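A quick write-up on the structure given underneath.
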Amino acid sequence: MNKIKLLYDVVITMRNKEALHGVLTAEAQKDRVNIFTIRNEFDKNLQTGRTKAKISTEIDYEGKMVKHESNTEFTLPHSGEGRHCEFIKSMHGDHSAGCGGFKGVLSKLNLALAILNALQAEEQESKSVVMSLNADDLPEDTKKLLCEKMNQSSSCGHAGHGFIKEFCSVDKFDFLLKMFVNKKSEVEKILITFDGSKSDGQKEQHDLKATAELSFS
């Protein structure tokens, strides 16, 4: 099965949709204790950027419990032109774009090719396809690079605060991603499981686990 053609068809199909309706659920655990859960039911118009969302979150971090529920509606600005400009800058070696010049471009290309090579696609009897990416199938240098990028994100403050930073500053990790695509090249569901570990300031080891599911209707 041609993975590039399959991914191309999926991207084109999803891009041409007028709206997306779905549910995102996720939870995270530290040392087998649930510290974060979220459920987000969303309805997004891809033509106008208008989005409706019903969000429920629960955070239990360092003894502080926070629960929040909200219904929100907003419009996201179209940002395709901005992304295009950033890409052009990176191709010309603009260090302000954060790509590290020509070596940075090659590093990103190497990462993309390693992921594509490790990506598996299994056709089902219904003509649907299950695409999967297992960290065990990635080269060790690629896993090391991903870990470094996560740690850089945490140290630069891009990962937010609290438990989110913990999950971005791991010593080692494994993950499994599965994407379920129907015969119309539509993404029906994406599943992600994450296992990691990190040591704290007292050199104690902590286990981190997270799962996420994104379903489209």
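The values are calculated or read from the model by the stated rules, or taken from the named source; none is laboratory data. As the structure is a computational prediction, the values presented were derived from the model and not from experiment. Positions of Cβ are generated from backbone atoms using ideal geometry, with glycine treated the same way; all protein chains shown enter the neighbour counts.
Only one of these is assigned to a strand (DSSP E or B) and farther than 30 Å from L133 by Cβ: E27, E58, E73. Name it. Show your work before the answer.
Numbers: E27 fails: farther than 30 Å from L133 by Cβ; E58 fails: farther than 30 Å from L133 by Cβ.
Going through E27, E58, E73 in turn, just one is assigned to a strand (DSSP E or B) and farther than 30 Å from L133 by Cβ: E73.
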Subject >> Pairs with Cβ under 9 Å, 6+ apart, first in region 107-123 and under 11 Å from L145 (Cβ atoms), second among the small types (G, A, S) >> reply: S107/G100; K108/S90; K108/G100
Subject >> Checklist (1) more than 30 Å from N34 (Cβ to Cβ); (2) surrounded by 13 or more Cβ atoms within 10 Å (Cβ to Cβ); (3) modelled with pLDDT under 90 applied to D141, failing item >> reply: (2)
Original post:
Pick from region 187-201 the residues that are at pLDDT below 95 and surrounded by fewer than 18 Cβ atoms within 10 Å (Cβ to Cβ): which of them is farthest from D31 (Cα to Cα)?
Top reply: G201
Original post:
For region 15-72, how many residues are closer than 27 Å to S197 by Cα, surrounded by 15 or more Cβ atoms within 10 Å (Cβ to Cβ) and of a type outside the set (S, T, N, Q)?
Top reply: 13
Subject >> Unmet criterion (only one of (1) within 15 Å of T211 (Cα to Cα); (2) modelled with pLDDT under 90) for Q29 >> reply: (2)
Original post:
Would you pick out the residues in region 107-147 that are farther than 24 Å from K184 by Cα and acidic (D, E)?
Top reply: D136, D137, E140, D141
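Take the conditions more than 30 Å from Y61 (Cα to Cα), assigned to a loop (DSSP other than H, G, I, E, B) and at pLDDT 80 or above and apply them to K184. Does it pass? Before the answer, list the steps.
Numbers: more than 30 Å from Y61 (Cα to Cα): yes; assigned to a loop (DSSP other than H, G, I, E, B): yes; at pLDDT 80 or above: yes.
Considered against the rule, which asks whether it is more than 30 Å from Y61 (Cα to Cα), assigned to a loop (DSSP other than H, G, I, E, B) and at pLDDT 80 or above, K184 comes out as yes.
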**OP:** Would you be able to tell me the number of residues in region 189-217 that are part of a strand (DSSP E or B) and either in contact (Cβ under 8 Å) with a residue 60 or more places away in the chain or over 19 Å from the mean Cα position of the chain (by Cα) (or both)?
**Re:** 14
Original post:
Is region 37-54 home to any residue that is under 20 Å from the mean Cα position of the chain (by Cα), at pLDDT below 95 and assigned to a loop (DSSP other than H, G, I, E, B)?
Top reply: yes
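Yes/no per residue for (1) assigned to a helix (DSSP H, G or I); (2) under 17 Å from the mean Cα position of the chain (by Cα):
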{"site": "L109", "(1), (2)": "yes, no"}
{"site": "A112", "(1), (2)": "yes, yes"}
{"site": "E122", "(1), (2)": "no, no"}
{"site": "S126", "(1), (2)": "no, no"}
{"site": "V130", "(1), (2)": "no, no"}
{"site": "K143", "(1), (2)": "yes, yes"}
{"site": "C147", "(1), (2)": "yes, yes"}
